[in-house]
């Protein structure tokens, strides 16, 4: 028998299973996690898609509102708000915080002024990204903790304005582990070596989780949407414990159906219990909305052992397939739009 490299091994399943082709969601959808700007698409994002075509494609999917997480700040924020002006009825843009100025004596006032001005210009939430604790340092050479007291102004101002903070703190656990034969995302990390963390001077996954807990605990009046299923889709018991402990914590499912779909029994039970705390999100961009079909299939059907990614998108997150969790209508409505309407202060009658 011929020996193969792992990269050459592409088994074709012989399982014959039901295939449900869903072209649009059963109910209207709010995608709480999309990227329309430079973070994913680069500086020339405006030239890469047509907004009218984007709107039409969303409507065909039954997606009627999206959160654009790429507001940035300053000139970039103004540029993004102008870019999306014609679709402001269906796009809520979240603004960023420039933490590079965290050591400046007037940082707190800068942030407060920035957030109030951004809100006046249309920002409807705040996005905080993993680079804050995993890449960015203060003048003392320390990585900036998300529970740093200097960031309290962000959380307090969000509560004052009654806008949510969507925060991406950690990546999958495997990204913090040795890249060896035991790492289930070995191929993905091989293709994206900069996604590997756990360097000696970086915070560990557990330290990031402790920061996350501290941040939410210290700010009970602030609504936090912890992206990517509360940062720990591999451990539903951990996430459930936090949702029980923190009534101001919400989670989205963006880029995590691969994790959730491989434990369908536990996932379905989790969705049924916490339906009022889970938000639909995909991590899509206007130039690729294909992932929505997989998300609809995962949430709405009992289909078995199907690919969680589109054909040609290799190596993926890991060598497994997923199962649908067949959620009941009332739970779907919570996840698809009800919870997002509450957090974004949208008129729910638009979606019923």
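When you go through 254, 258, 237 one by one, which is the residue that is touching a strand residue (DSSP E or B) at 6+ places or on another chain (Cβ under 6 Å) and modelled with pLDDT of 95 or more? Residue meeting the stated conditions: 254.
On the given criteria, is residue 217 part of a helix (DSSP H, G or I) and either free of Cβ contacts under 8 Å to residues at least 12 places away in the same chain or within 20 Å of the chain's Cα centre (by Cα) (or both)? So residue 217 does not fit the description; no.
Residue by residue, here is whether (1) within 20 Å of residue 81 (Cα to Cα); (2) more than 19 Å from the chain's Cα centre (by Cα); (3) assigned to a helix (DSSP H, G or I) holds:
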| site | (1), (2), (3) |
| --- | --- |
| 123 | yes, no, no |
| 133 | no, no, yes |
| 141 | no, yes, no |
| 145 | no, yes, no |
| 157 | no, yes, yes |
| 160 | no, yes, yes |
| 163 | yes, no, no |
| 171 | no, no, no |
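Of all residues in the stretch 221-240, those being surrounded by 13 or more Cβ atoms within 10 Å (Cβ to Cβ) and over 17 Å from residue 259 (Cβ atoms) number 4.
The single condition from (1) touching a helix residue (DSSP H, G or I) at 6+ places or on another chain (Cβ under 6 Å); (2) farther than 29 Å from residue 152 by Cβ; (3) in contact (Cβ under 8 Å) with a residue 40 or more places away in the chain; (4) outside any helix (DSSP H, G or I) that residue 262 fails is (1). Please find, within the stretch 131-145, the residue that is surrounded by the most Cβ atoms within 10 Å (Cβ to Cβ) out of those that are touching a residue at least 24 places away in the same chain (Cβ under 8 Å) and touching a strand residue (DSSP E or B) at 6+ places or on another chain (Cβ under 9 Å). Looking at residues that are touching a residue at least 24 places away in the same chain (Cβ under 8 Å) and touching a strand residue (DSSP E or B) at 6+ places or on another chain (Cβ under 9 Å), I get 133. Out of 302, 295, 265, one residue alone is at pLDDT 95 or above and surrounded by 20 or more Cβ atoms within 10 Å (Cβ to Cβ). It is 295. Here residue 26 fulfils each of the conditions (1) modelled with pLDDT of 95 or more; (2) surrounded by fewer than 16 Cβ atoms within 10 Å (Cβ to Cβ); (3) out of contact with any helix residue (DSSP H, G or I) (no Cβ under 6 Å at 6 or more places or on another chain) apart from (3). Residues considered: 341, 284. Of these, the only one that is buried (at least 17 other Cβ atoms within 10 Å of the Cβ), in contact with a strand residue (DSSP E or B) (Cβ under 8 Å, 6 or more places away or on another chain) and closer than 29 Å to residue 42 by Cβ is 284.
State whether the residues of the stretch 3-21 include one that is modelled with pLDDT under 95, under 24 Å from the mean Cα position of the chain (by Cα), over 14 Å from residue 90 (Cα atoms) and surrounded by fewer than 12 Cβ atoms within 10 Å (Cβ to Cβ). Scanning the stretch 3-21 turns up no residue that is modelled with pLDDT under 95, under 24 Å from the mean Cα position of the chain (by Cα), over 14 Å from residue 90 (Cα atoms) and surrounded by fewer than 12 Cβ atoms within 10 Å (Cβ to Cβ). Give the residue that is nearest to residue 184 (Cα to Cα), with candidates limited to residues of the stretch 244-258 that are out of contact with any helix residue (DSSP H, G or I) (no Cβ under 7 Å at 6 or more places or on another chain) and either touching a residue at least 40 places away in the same chain (Cβ under 8 Å) or assigned to a helix (DSSP H, G or I) (or both). By that ranking, first place goes to 258. Cβ-Cβ contacts under 6 Å between residues 6 or more apart (or on different chains), taken from a first residue in the stretch 146-163 that is at negative phi and in contact (Cβ under 8 Å) with a residue 60 or more places away in the chain to a second residue that is in a helix (DSSP H, G or I) and surrounded by fewer than 18 Cβ atoms within 10 Å (Cβ to Cβ), are listed as 147/214.
The one condition from (1) within 20 Å of residue 65 (Cβ to Cβ); (2) not in a loop (DSSP other than H, G, I, E, B) that residue 268 does not meet is (1).
The values are calculated or read from the model by the stated rules, or taken from the named source; none is laboratory data. Every value quoted in this text rests on a predicted model; they were computed, and no experiment measured them. A quick note on method: Cβ atoms are made from the backbone with ideal geometry, for glycine too, and the neighbour counts reach across all protein chains shown.
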